[in-house]
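Asks: My structure is below; once you've seen it, I'll send some questions.
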Amino acid sequence: MSFPWANEYQPQHPLMQWLDAKLPLPRLVYNAIGAGYPVPRNLNYFWNFGVLAGVCLVIQILTGVILAMHYAGNADLAFNSTEHIMRDVNWGWMLRYMHSNGASAFFVVVYIHIFRGFFYGSYKAPREMIWLLGVVIFLLMMATAFMGYVLPWGQMSFWGAQVITGLFSAIPLVGDALHTWLLGGFAPDNAALNRFFSLHFLLPFVILGVVILHIWALHIPGSSNPTGVEVKSESDTVPFHPYYTAKDGWGLGAFLLIYCAVVFFAPNALGHPDNYIPANPMQTPAHIVPEWYFWPFYAILRAFTQNFPLLGIPAKLLGVMGMFSAILVWFFLPWLDRSPVRSGHFRPTFRKFYWLLVIDVAVLGYCGGSPAEEPFVIISQIAAIYYFLHFLVVLPIVSSIEQPEPLPFSITEAVLGSDQAASLAPAE
Amino acid sequence: MAQDAVTEAPEQGDGVRRRDFINIAAVSAAGVGAAGVLVPLISQMSPSADVLAESTTEVDIGAIKPGQAIKAMFRKQPVFIRNLTAKEQADAQAVATASLRDPQSLEDRTKPGKANWLITMGVCTHLGCVPLGSAEGEPKGEFGGYFCPCHGSQYDTAGRIRKGPAPKNLEVPEYTFTSDTVVKIG
């Protein structure tokens, strides 16, 4: 679907006309990310991050397929083949640093994309499906990133695999059997490494598939915008190309500048030195931490130190449930926040709690990267409680009692200060 | 349209057509076949024969003095073999068993007459890290046993969980003393 004033694809060259009649792929692209897609005229730079996430996925797939040409997915060879890539393969060091820092870049971009959605209410009707698919993409990204981090088979790789697969042993009754089945052994070893390599290769293409669904679902209602007011007329939109291809191109340049600065000047800043020690099943590193993008969720996992008093649910199971619920709660977000106003710009109370959530997640992240000792345990416990309160209590209450500020009549009015259609329209 | 004519052809008295039977039979047979194919697809993930074959380990414990411990390897996982001092045994016995998260006495966790030999898996029951405390100079936690650095679980001198997120005591593997100084694990 598109707005009735969308430009129509009209190929001039006979070859393109012939192609359009047989396989209208150029038409699909034209309508998706070309001049045939009308987009609100007022998008700010936070709307660049969807395209940037797509670019990150492409970087990861390209560098990943190349790395797989030189890597050996075998517990005896994995660490050395990674060092072989770093030392011997032509440009191998650069490709691996692009890939490992590409994962971090991908998460930075996606976290900004998600928090853009939180602030501007992008998850609200009629865009719930876009949001749900986005959460699925995020879960797939987490699984892919985790398995990728295991592949170099260093100390953090091995113990990360041990801890994360250990989560499944918390499940009552079938946990231990499931754990052994997932690993193909009693501890991470060759069987586990090999299957992680296979799945790490597969999942990015699954992500690509869900990304296509995500964009498909986006094109039904069209893009949201910073006012949260829906498009009413042609004067509210501009064609995606050239307006947003140019704006996204500018954003991409800025992004690549930062990304390259990290890849070339601080490639190990986000990594952990312990992962340059070969995996040793007999020795746990003194301070075992996941990669930074898992820290907030890791802090929630560690926040549960006591069994649940009445039902006798073990602390370990509570921690695992807490960690997964922290993301699963996002699936319910479109129905937890019932305010009809989308954008945080016009929601004074919501806005304060939004920034509190940002701080809360940052605190959780800091605690997740710190050792499991006081005061970090008690701070993570308080922050984890607030995290769930925000979604399950604060949002429903705020959305029902808050008095939003007046909305502009239209996007055009928000941008130009007046909209001719406003004086003609009946008062609402 | 010819097909519609066939499907709407002669009905039995109860409304069941021969075509219904064929549909159900065909889909059922295909379903059973598809489910059968799942068996090898799922089963291949389980530990392979060579992984299962690593069954037992023999360890010489003659050189371990009271207060010392060693790390042996069993099924590619560490095993702690610890020679408890008299004080460590007394500390473990002084705790009221019923007050523990996973109630077990030191006697439950050692062999008769060998209460000084605490043999446990070196795998934290929380998420599988190797706890510290078996080697000289490593932190042993508040209860003098083992301390897991990953999520802060603390075990006492009988390897029992006392504090932190781990749900169970350190697992005691099956083992037998083949002589006073040799123990066979597995």
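No value in this document is a laboratory result; all are computed from the given coordinates. Predicted model only: the values in this text are computed from it and were never measured. Using ideal geometry, Cβ is built from the backbone for each residue, glycine included, and neighbour counts are taken over all protein chains shown.
Asks: Are there cysteines in the protein assembly as shown with no other Cys C-beta under 4.7 Å, and if so, which?
Replies: A:Cys56, A:Cys260, A:Cys367
Asks: If you don't mind, there's one more thing I want to ask. Of A:Lys352/B:Lys168; A:Lys124/A:Lys247; B:Lys140/B:Lys184, which ones are farther than 31 Å apart at the Cα?
Replies: The pairs that break the limit, which is 31 Å between Cα atoms, are A:Lys352/B:Lys168.
Asks: Further, regarding this structure: Binned at 10 Å from 0, what are the whole-percent values of the Cα-Cα distance distribution for chain B, short to long?
Replies: Whole-percent P(r) values from 0 Å outward: 8, 27, 22, 10, 7, 7, 8, 7, 4, 0.
Asks: Next up: Note the angle between two axes, namely the Cα long axis of helix A:128-150 and the longest principal axis of the Cα atoms of chain A, as a number of degrees from 0 to 90, rounded to the nearest 10.
Replies: 30 degrees
Asks: Magnitude of the Cβ-charge dipole of chain A, K/R +1 and D/E -1, about the Cα centre, nearest 20 debye?
Replies: Dipole of chain A, to the nearest 20 debye: 180 debye.
Asks: Let me confirm one metric for peptide B:43-51, namely the mean number of other chain beta-carbon atoms within 10 Å of its residues' beta-carbons.
Replies: The per-residue average across the peptide is 5.
Asks: While we're looking at this one, here's another question. Going 7 Å from the Cα of A:Arg87 in the Cα-to-Cβ direction, what parts of the stretch A:50-72 have a backbone nitrogen less than 19 Å from that spot?
Replies: A:70-72
Asks: Can you pull the mean other chain C-beta count within 10 Å for peptide B:163-170?
Replies: What the average comes to for B:163-170 is 5.
Asks: If you plug each phi of the stretch A:261-277 into the Karplus form 6.51 cos²θ - 1.76 cosθ + 1.60 with θ = phi - 60°, what whole-Hz ³J(HN,Hα) values come out, in order, with x for Gly and Pro?
Replies: 4, 5, 4, 8, 10, 8, x, 9, 4, 9, x, 10, x, 4, 7, 8, 9
Asks: Determine which residues of the stretch A:322-344 fall in the zone a paramagnetic label at A:Glu230 would reach in this model, i.e. backbone nitrogen under 15 Å from the point 7 Å along Cα→Cβ.
Replies: Flagged as within label range: A:340-343.
Asks: Loop-only trypsin sites (Lys or Arg not before Pro) in the stretch A:279-378, please: DSSP not H, G, I, E or B, and at most 14 other Cβ atoms within 10 Å.
Replies: Taking the stretch A:279-378 and a limit of 14 other Cβ atoms within 10 Å, the loop trypsin sites (Lys or Arg not before Pro) found are A:Arg338.
Asks: Amide H to amide H under 5 Å from B:Gly145: which residues, 5+ apart in sequence or cross-chain, H placed 1.01 Å off N in plane?
Replies: Placed amide hydrogens put B:Tyr155, B:Thr157 under 5 Å from B:Gly145.
Asks: Looking at the square roots a ≥ b ≥ c of the eigenvalues of the Cα gyration tensor of the protein assembly as shown, which shape do they give, rounded for a/c under 1.5, prolate if a/b is larger than b/c, or oblate?
Replies: Taking the square roots of the gyration eigenvalues as a ≥ b ≥ c, the protein assembly as shown is prolate.
Asks: Which FRET efficiency, nearest 0.05, do A:Val174 and A:Trp216 yield, Cβ-Cβ r, R0 30 Å?
Replies: 0.25
Asks: Arranged from highest to lowest average of other beta-carbon atoms within 10 Å per residue, in what order do the peptides A:132-138, B:67-73 appear?
Replies: The packing order, highest mean first, is A:132-138, B:67-73.
Asks: Just from the alpha-carbon atoms, what are the Rg and Dmax of the stretch A:9-53 in angstroms?
Replies: Reported Rg and Dmax, both Å: 14.1, 40.
Asks: Here's something else I'd like to know. If I model a spin label at A:Leu62 and B:Ile42 as a point 7 Å from the Cα along the Cα→Cβ vector, what separation in nanometres do I get?
Replies: With each label placed 7 Å out from Cα toward Cβ, I get 4.2 nm.
Asks: Taking R0 as 35 Å, what's the FRET efficiency between A:Glu8 and A:Trp355 from their Cβ-Cβ distance, rounded to 0.05?
Replies: With a Förster radius of 35 Å, E is 0.20.
Asks: Still on this structure, please answer the following. What does the highest-first list of A:158-165, B:24-31 look like by mean Cβ count within 10 Å?
Replies: Result, highest mean Cβ count within 10 Å first: A:158-165, B:24-31.
Asks: Quantify how strongly other chains surround peptide A:183-192 by giving the mean number of their Cβ atoms within 10 Å of each of its Cβ atoms.
Replies: Mean shielding by partner chains, rounded to a whole number: 6.
Asks: Can you grab the distance from the C-alpha centre of the stretch B:114-159 to the C-alpha centre of the stretch A:250-308, Å, no decimals?
Replies: 26 Å
Asks: Expressed as an acute angle from 0 to 90° and rounded to the nearest 10, what is the orientation of the C-alpha long axis of helix B:18-43 relative to the principal long axis of chain B?
Replies: Value to nearest ten degrees: 20.
Asks: A:Phe115 to A:Gln17: FRET efficiency via 1/(1 + (r/R0)^6), r the Cβ-Cβ distance, R0 41 Å, to the nearest 0.05?
Replies: Taking R0 as 41 Å, the efficiency between A:Phe115 and A:Gln17 is 0.40.
Asks: Consider a paramagnetic label point 7 Å from the Cα of A:Met94 along Cα→Cβ; state which residues of the stretch A:60-80 have an amide N under 18 Å from it.
Replies: Answer for the stretch A:60-80: A:60-70.
Asks: Let me ask something else. Roughly what angle does helix A:78-87 make with the longest principal axis of chain A, taking Cα atoms, 0 to 90 degrees, to the nearest 10?
Replies: 60 degrees
Asks: Suppose every Lys and Arg Cβ carries +1 and every Asp and Glu Cβ carries -1, with no other charges. What dipole size does chain B come out with about its Cα centre, to the nearest 20 debye?
Replies: 600 debye
Asks: Per DSSP H run of at least 4 residues, take -39500 (n - 2.57); add these up for chain A, divide by its residues and hand me the 222 nm value, nearest 500 deg cm²/dmol.
Replies: -19000 deg cm²/dmol
Asks: May I pose another question? Could you give the longest part of chain B that holds none of the GluC sites (Glu not before Pro) found in DSSP loops with at most 16 neighbouring Cβ atoms within 10 Å?
Replies: With GluC sites (Glu not before Pro) excluded where exposed in loops, chain B gives B:55-135 as its longest stretch.
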